[in-house]
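J.: Can you keep this structure in mind? I'll have questions shortly.
Any read-out appearing in this document is the output of simple, stated calculations on the displayed coordinates, not a laboratory observation. The structure displayed is predicted, hence computed values, not measured ones. In this analysis, Cβ positions are derived from the backbone assuming ideal geometry, glycine residues included, and neighbour counts consider all displayed protein chains.
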Amino acid sequence: QVQLVESGGGLVQPGGSLRLSCAASGFTFRNSAMRWYRQAPGKERELVAAITSAGGSTNYAGSVKGRFTISRDNAKNTVYLQLNSLKPEDTAVYYCNTNGPPYCSGYVCYDSGWDYWGQGTQVTVSS
């Protein structure tokens, strides 16, 4: 089965750092783009960072650009999110995400409309 298992969350003071890990299994990790989302209480889930399958391209939400870094180790089937200069507004549950398998009919394939998600890891930034 596909599994995404996040770890590394915790309580940290403003200005501190954490490194989140997502261990992936059950699919071809090296061929899959990976993403980190987060969701704070009462707020919509938002995309934080994304990385291409080979790690050659990354994208970040404007609110975290310059502070967070997404990376991956395809040999270890793991994607990371380094969180630096943390702010209280970064408090959220952070989720690892990747695309689910496409739906294909003949030569035509479509997004299946669902993704794989981890269970999340809590990041709390508070003094």
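J.: Could you compute the FRET efficiency for Ser85 and Gln122, with r as their C-beta to C-beta distance and R0 at 22 Å, rounded to 0.05?
T.: Computed FRET efficiency for Ser85 and Gln122 comes out at 0.70.
J.: What distance in nm separates the simple spin-label points at Arg67 and Ser53, each placed 7 Å from Cα in the Cβ direction?
T.: So the label points at Arg67 and Ser53 sit 3.3 nm apart.
J.: In straight Cα distance, which lysines are under 23 Å from Lys43, not counting same-chain residues fewer than 8 positions off?
T.: Answer for Lys43, where 23 Å is the Cα cut-off: Lys65, Lys87, listed by chain and number.
J.: With a Förster radius of 41 Å, plug the Cβ-Cβ distance of Lys43 and Tyr107 into 1/(1 + (r/R0)^6) and report the FRET value to the nearest 0.05.
T.: E between Lys43 and Tyr107, to the nearest 0.05, is 0.50.
J.: Take Val5 and Ala23, extend 7 Å from each Cα along the Cα→Cβ direction, and tell me the distance between the two endpoints in nm.
T.: If labels sit at Val5 and Ala23, their model points lie 0.4 nm apart.
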